[in-house]
Amino acid sequence: MALFDQSARIRQLQERIEADGFDELAHFQLGEEYGRLGRWREAFAKFRRVIELNPESLEAYLAMGDACEKAGVPKEADAAWRTGETVALRLTRPEYTSIFAERRARLSPEAYLN
């Protein structure tokens, strides 16, 4: 996607959120756009907002953990994935519990020392 198109998409999503702060999909998609630009803190904030709106959004826990991992904060990534895994267990979504476990397993033990 061209930078111009991405900027326009971000503006469009921000306008949707201004019109309806409870638009879970707009928050999630804006988080994805920020992630594509490497704006991990902003992506994290959007995914966190999705979770505030819908604490059962397994995709948001995955995305928030991914954003934290890419931002270089593995403890926060692990916390997001661990919480997501707990929610997935409660919702009896085994396909997600295995995804969360796989994501957590790829974090190196050294990452927790910092």
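The values are calculated or read from the model by the stated rules, or taken from the named source; none is laboratory data. Small disclaimer: the values here were computed from a predicted structure and weren't measured. Counting neighbours? That spans all protein chains shown, and the Cβs are built from the backbone with ideal geometry, glycine included.
Structure notes:
- Scanning segment 63-101 for residues that are among the charged types (D, E, K, R) and under 16 Å from the mean Cα position of the chain (by Cα) yields Asp66, Glu69, Lys70, Lys75, Glu76, Asp78, Arg82, Glu85.
- Conditions (1) over 21 Å from Lys75 (Cβ atoms); (2) among the aliphatic types (A, V, I, L, M); (3) modelled with pLDDT of 95 or more: number failed by Ala60: (1)
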